[in-house]
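Here's the structure we're looking at; comments come further down.
Throughout, read-outs are computed from the coordinates displayed, never taken from laboratory work. Computed from a prediction, not measured in an experiment: that's the story for all the values here. Don't worry about glycine lacking a Cβ; one is built from the backbone with ideal geometry, like all the others, and counts go over all protein chains shown.
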Amino acid sequence: MSVVVPTYRRPEQVERAVRSALAQTISDLEVVVVVDDCDAATVAVLEAVGDVRVRVVVPESHLGNAEARNTGIRAATGSWIALLDDDDLWLPAKLERQLARAASMPHRYPIVSCGVIARSATRDFFWPRYVPSPGEPLSDYLFCRRRPITGDGLVQTSTLLTRAALFAAVPFRSGQRYVDQDWLLRACRVDGAAVAFAGMPEPLVVWHMEAERERISNHDDWRFSLDWIRARRDLVTPRAYAAFLLTLASASGARQGDRAAFAALLLEAFRKGKPGLVEILGHVANFLVPGGFKQRLAGLAAGLWRQSISN
């Protein structure tokens with residue numbers, strides 16, 4: 001069993017992430033940490049962990065997140081590989097439960113995810129709210145919503161576990177924002193690949209969204225998102241195509257304050273996709289409803305959902 005952790009100039013965070021991997025109830029594992037950009041402080045922190053299961057790989061040049069993952073995957077020796085972002089944490093039973101779920105599946109390439117505690121600066125959310133329905137296309141699960149707030153469908157990076165052979169056959173692609181979604185859509189085209197969840201509804205990963213949102217805010221460009229999904233129309237359903245435009249691309253346009261995005265994305269969704277009412281309402285809310293009010297609504301919805309599953 002191999003764990004691959006790419007990291008870039010975050011020594012305190014990656015130490016915390018690595019220790020959560022080493023604390024798994026499964027001890028027969030290696031943790032391959034790819035220290036991008038040859039950061040001496042990070043290397044020193046990892047050496048101080050003092051565990052022979054930790055292997056540090058230092059590339060000769062800066063790779064970026066996607067290629068750093070590919071480098072770690074190539075260096076890994078396990079037949080199963082799990083990914084862990086340097087600012088996230090695993091709860092102790094994460095790998096044990098995922099491997100058990102993978103063993104129960106008839107598929108050649110199980111892709112096993114799990115629930116997360118999505119941690120913002122103000123509160124925790126428990127995502128995803130739902131797992132894919134039988135026969136539901138993965139693109140619909142990832143992009144379509146049952147309500148105009150996020151968290152319904154999610155496969156987050158630090159939840160991913162699958163066979164090393166699948167990661168080798170479908171490497172991550174650099175130079176784009178939606179790296180994980182791109183990989184999932186392509187990987188699920190491989191014969192014998194299927195997504196499943198372990199441990200639901202109990203979360204097994206802590207996802208620190210604060211850092212994720214900082215990265216996203218630096219790359220907001222609704223036109224990039226539009227071009228991204230156009231290039232992948234063969235990987236998504238018409239329903240998912242429209243949903244992506246009216247949620248993810250729409251949110252980028254709203255954050256940019258570009259009013260031209262409102263009509264352009266809505267028109268594209270109707271011309272080339274099949275938009276649902278929930279996504280249309282969400283698109284309107286992105287441009288008309290203040291962000292603070294949307295966050296309060298999301299927090300209220302999260303509390304009600306969590307209460308419903310605990311009863």
Taking the 0 to 90 degree range and rounding to the nearest ten, how far is the long axis of helix 291-310 tilted relative to the main principal axis of the chain, both from C-alpha atoms? 70 degrees
Which length gain, in nm to one decimal place, applies between GLN256 and SER79 when the Cα-Cα distance is subtracted from 0.36 nm times their residue separation? 59.4 nm
Cα gyration tensor, the chain - rounded (a/c under 1.5), prolate or oblate: prolate
Would you calculate the separation in nanometres between label points at GLU136 and LEU22, each defined as 7 Å from the Cα along the Cα-to-beta-carbon direction? 3.9 nm
Which length gain, in nm to one decimal place, applies between ALA40 and GLU96 when the Cα-Cα distance is subtracted from 0.36 nm times their residue separation? 16.9 nm
Would you kindly state how much longer the chain becomes between PHE224 and GLU202 on full extension, computed as 0.36 nm times their sequence separation minus their alpha carbon distance, in nm to one decimal? 4.4 nm
Within the set of other residues whose C-beta is less than 10 Å from the C-beta of VAL58, count the net charge using Lys and Arg as +1 and Asp and Glu as -1. -4
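Could you compute the net charge surrounding LEU46? Neighbours are other residues with a C-beta less than 14 Å from the C-beta of LEU46; K and R count +1, D and E count -1. Display every interim value, and only then the final one.
Values: positive: ARG9, ARG10, ARG16, ARG19, ARG53, ARG55; negative: GLU12, GLU15, GLU30, ASP36, ASP39, GLU47, ASP51, ASP86.
With Lys, Arg at +1 and Asp, Glu at -1, the neighbours total -2.
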Ranked list, fewest to most other Cβ atoms within 10 Å of each Cβ, for VAL5, VAL236: VAL236, VAL5
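Please state the relative contact order of the chain as a whole percent: Cα pairs under 8 Å, 6+ residues apart?
18 percent
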Please compute the modelled spin-label separation between MET105 and ASP191, points set 7 Å along Cα→Cβ, answer in nm with one decimal. 1.8 nm
Any number yet on Rg/Rh for the range 128-274, C-alpha, Kirkwood? 0.95
With a cut-off of 14 Å, note down the residues of the range 132-172 whose backbone N falls inside the zone around a label point 7 Å from the Cα of LEU281 toward its beta carbon. 145-150
Calculate how large, on average over all directions, the projected area of the Cα convex hull of the range 1-64 is; give the answer in nm² to one decimal. 4.0 nm²
Check: C-alpha center the range 12-89 vs C-alpha center the range 132-186, spacing in Å is 22 Å
Using +1 on the beta carbon of Lys and Arg, -1 on that of Asp and Glu, and nothing else charged, what's the dipole of the chain about the Cα centre, debye to 20? 1200 debye
Counting each DSSP H run of 4 or more residues in the chain as -39500 (n - 2.57), what helix-only mean residue ellipticity at 222 nm follows after dividing by all residues, to the nearest 500 deg cm²/dmol? -13500 deg cm²/dmol
How would you order 9-18, 225-234 from highest to lowest mean count of nearby Cβ atoms within 10 Å? 9-18, 225-234
